[in-house]
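What follows is calculated from the coordinates using simple rules that are stated; it is not laboratory data. As the structure is a prediction and not an experimental result, all values here were calculated from the model. Backbone-built Cβ (ideal geometry, glycine too); neighbour counts: all protein chains shown.
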Amino acid sequence: MKGNISIHTENIFPIIKKWLYSDKDIFIRELVSNACDAVNKHKKLVSLGEASESTEDYSVKVIINKKNNTLIFEDNGIGMTEEEVQKYINQVAFSGAEDFFNKYKDKMNEENDIIGHFGLGFYSSFMVSTKVQIDTLSFKENSKAVRWVSEGGLEYEITESDNRKQRGTTITLFLDEDSKEFLEEYTVRNILEKYCAFLPVNIYLEVIDEDKENKEDELNPINDTNPLWLKSPKDCTDEDYKEFYKKVFKSFDEPLFWIHLNVDYPFNLKGILYFPKLKNEFELIEGKVKLFNNQVFVADNIKEVIPEFLLLLKGVIDCPDLPLNVSRSFLQNDKDVSKISKHIIKKVGDKLKSLHKNEKENYEKFWDDIQVFIKFGCLKEESFYDRIKEDILFKTINDEYVTLSEYLEKNKEKHENKVFYVTNKEQQSQYIKLFKDYELDAIILDSSIDNHFISFIEYKNHEVKFNRIDSDLSDILKEDKEENKEANEVIENLFKDFVGERIKTYSVEGLKSKDTPAIILVSEHSRRMAEMKSQFAGMDFGMTFEEEKTLIINNNNDIIKKLVELKDNEEKKEKLSLICNQIVDIALLSNKELTSNELSEFIDRNNKLMNMIVSL
Ligand code: ADP
């Protein structure tokens, strides 16, 4: 019996064929998952008592026949009767593709808009074949095997088949000239490992090659039929999770921890998300979250389903409720998809909370590795921040971990609602020392994301102000005693005379440590503005942003005391100027690098000073 498959297909088929060309590998996924479905249907019927128990193990075989240029997909599932072939292959099968075409024909050129995978199902086989043949025998008693053949996918012929003695279906693809790569074992194996690694029925790859001795059946299936994410978390050991991670992500290092997602309601979602160990801040960007649909791999890193910041993690997510045949624009507008995404965020937040609460020590140990991820997540998703804000840790200069509220509470007597932070431990070591002298605490915020994160925290907590450790300290350092007022003015004027405009404000304090003659403070606001300016280098803001510097001169320091003694000695004036400027430069130098001009002046002056010592 012969016939036309569908009147409309003539228009659609060539377009779809061309369109899919860039990703033709997926026909393998489609045929293998159909085969698995057929097996699952049989299992189901057996369990319902509507089919008799299978006498052989269920399997799907993919057979490369180099001799005949064919690629064969063989299963022992339910098979089809002639009527079913008519119905499912000739009529129904194409309707999905037709619907899809009608829905998206306006978008046909926006290739990026399409995931590149949609359930063309069985007909995707024509992307690579001149002829496709189905031999199938239904599980139903007294069925006869039928053969369906079509060249090009537009017309078909159905005859009796002598090729199936046992229940199941064999689909034979006669590969076209451009698709000979699918006769290579390596190629086919790779595709199977990519898309079918976790399908629920054992899949075997066989090669028939007349030149070589027939390769005996590979004994090991390609796939793991019972992937870890489907198991109940209570049945999985740490070792199981680690092993799965290493296998799936071909990774040698161990994940820090993981979250097993297991949701039945209001939608179905299972998966495992791993927090990888961080080697450096930028490596995180290489995360990978694999999206599955009923154990069939769909694609990596679909940001419509998985919130962008979670793509920094590694993991698998299986979402049977998502249709495979979807375009990205569909996913973006789908309510369920945004629910899924929200739910994943919630789960990740809950896990972090419970780690913080129940395994504080571990949580602190992980913190350095996960902080960039968490901060990025907060910046991307405010709801995530709101959920975990009390679980964001800050490492202090004393190597302790505190939350923002803990820090504020602890320091509210000394500096209410002010957070002091260090951006570079080495460069700011002078100030850290100063802080320790004063029993003050500061937190370390030294990753590149912290600039944005600070602004974000300030925006979420209006009353809190972040100040770098070298800024706006004057209030804290101020001594209460006023008795030195006059003497202090003398010192201040001395420096003003010799140093001048380079410094905006001068102030004299008695610092706890005698060793340091002076330190520089830079106003937080002016520094942030200057940093912003340098970020937008080349743009004219119509004004200059200079860092506003304050020099704090330490009247407890012996050099300063000596300067005061000598201040009226006209002969020493030149020397005094040298020393004052040198003190300022050293203070600047311990704040940040000098400019090249400043540096050469500093060196000149230094040489003069050394000469003075030598000629003593
Ligand atoms: P879909 O899988 O999305 O339904 P397909 O075009 O892949 O669409 O397949 C159409 C139908 O053909 C299937 O729903 C199934 O009823 C039948 N079919 C396809 N492959 C097989 C198979 N290997 N064994 C039994 N039935 C099959």
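Annotations
- Summed side-chain charge close to SER513 - residues other than SER513 whose Cβ falls under 11 Å, Lys, Arg +1, Asp, Glu -1: +2
- Aspartates and glutamates with Cα under 18 Å of LYS247, excluding same-chain neighbours fewer than 8 positions away: GLU193, ASP224, ASP238, GLU239, GLU286, ASP300, ASP318
- In range of the label at ALA487: residues from the range 573-606 whose backbone nitrogen is under 16 Å from the point 7 Å along Cα→Cβ: none
- Cα long-axis angle, helix 9-19 against the chain (0 to 90 degrees, to the nearest 10): 40
- Prolate/oblate/rounded label for the range 392-467 (Cα gyration tensor, a/c 1.5): oblate
- Straight-line cross-link reach from LYS140 at under 16 Å between alpha-carbon atoms covers these lysines, not counting any fewer than eight positions away in the same chain: LYS41, LYS43, LYS44, LYS165.
- Helix 596-614 vs. the chain, principal-axis angle (Cα, 0 to 90°, nearest 10): 40
- Gyration tensor verdict on the chain (Cα atoms; rounded if a/c is under 1.5, prolate if a/b is larger than b/c, oblate otherwise): prolate
- The HN-Hα couplings worked out from phi for the range 350-364 by the Karplus form 6.51 cos²θ - 1.76 cosθ + 1.60 (θ = phi - 60°) are 4, 5, 4, 4, 6, 4, 4, 6, 9, 9, 3, 4, 4, 4, 5 Hz, whole numbers, x standing for Gly and Pro.
- Computed from the Cβ-Cβ distance with R0 of 22 Å, the FRET efficiency linking ASP368 to ASP475 stands at 0.10.
- Pairs beyond 29 Å (Cα-Cα), from LYS414/LYS592; LYS533/LYS562; LYS290/LYS351: LYS533/LYS562
- Trypsin sites (Lys or Arg not before Pro) within the range 182-274, DSSP loop, no more than 12 other Cβ atoms inside 10 Å: LYS212, LYS250
- Between the Cα long axis of helix 573-589 and the first principal axis of the chain there is an angle of about 20°, rounded to the nearest 10.
- Taking a straight Cα-Cα cut-off under 20 Å and skipping sequence neighbours fewer than 8 places away in the same chain, the lysines within cross-link reach of LYS2 are LYS87, LYS131, LYS144.
- For the chain, the relative contact order comes to 9 percent (Cα pairs under 8 Å, sequence separation of at least 6).
- Helical contribution to [θ] at 222 nm, DSSP H n ≥ 4, -39,500 (n - 2.57), averaged over the chain, rounded to 500: -11500 deg cm²/dmol
- Prolate/oblate/rounded label for the range 478-614 (Cα gyration tensor, a/c 1.5): oblate
- DSSP finds beta bridges in the chain, and of those with both partners inside it, around 70 percent are antiparallel.
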